[in-house]
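Just below is one structure, and these are the notes that go with it.
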């Protein structure tokens, strides 16, 4: 999980107090990772994702992944959504990364160079297996695919609204019963009476 602001401040404070910058380096190495999905091909992965499947991934230390990408000259892809107006017809696509690889993101590499094996993990040595996919819901798809990435305000708002609606659907029966009880005529009269008492006390205090 990414560090919180308070945790990061605490780490810098400890490193300053003991005069040991290695503490910061150690924590960064432990916390900076990438999620890597190994796929057959770009086209196959795009089809699976747009059918409602989410790639299973392997967590790899950020520094190791960056060094292996350079050493093995790997083709690395990230998941993006088509830039078209209609939200309903937008599809997910894999775009090759030619610039900086960032931590706490999900990346895709081809199996012919990943050397992935379920019991060995990523060896980056020759051909191997794929990590696979899992079926997920439509709302969960948007949440998973944008995790760890910068979002526009619009996408953030849409995602937040979707999660809020799912939570509201679960708690609606409880909220309905609570509201009926709280806003019954008797309780409303009690609230008005208490409000008047408070206002009277404020006037007397003045």
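What to note about this one:
- Cα convex hull, the range 32-137: 106 Å³ per residue, rounded to a whole number.
- Computing Rg and the Kirkwood Rh from the Cα coordinates of the range 94-135 gives a ratio, Rg/Rh, of 1.00.
We did not get these values from a lab; they are worked out from the coordinates using the rules stated. Everything quoted here is computed from the prediction, not taken from an experiment.
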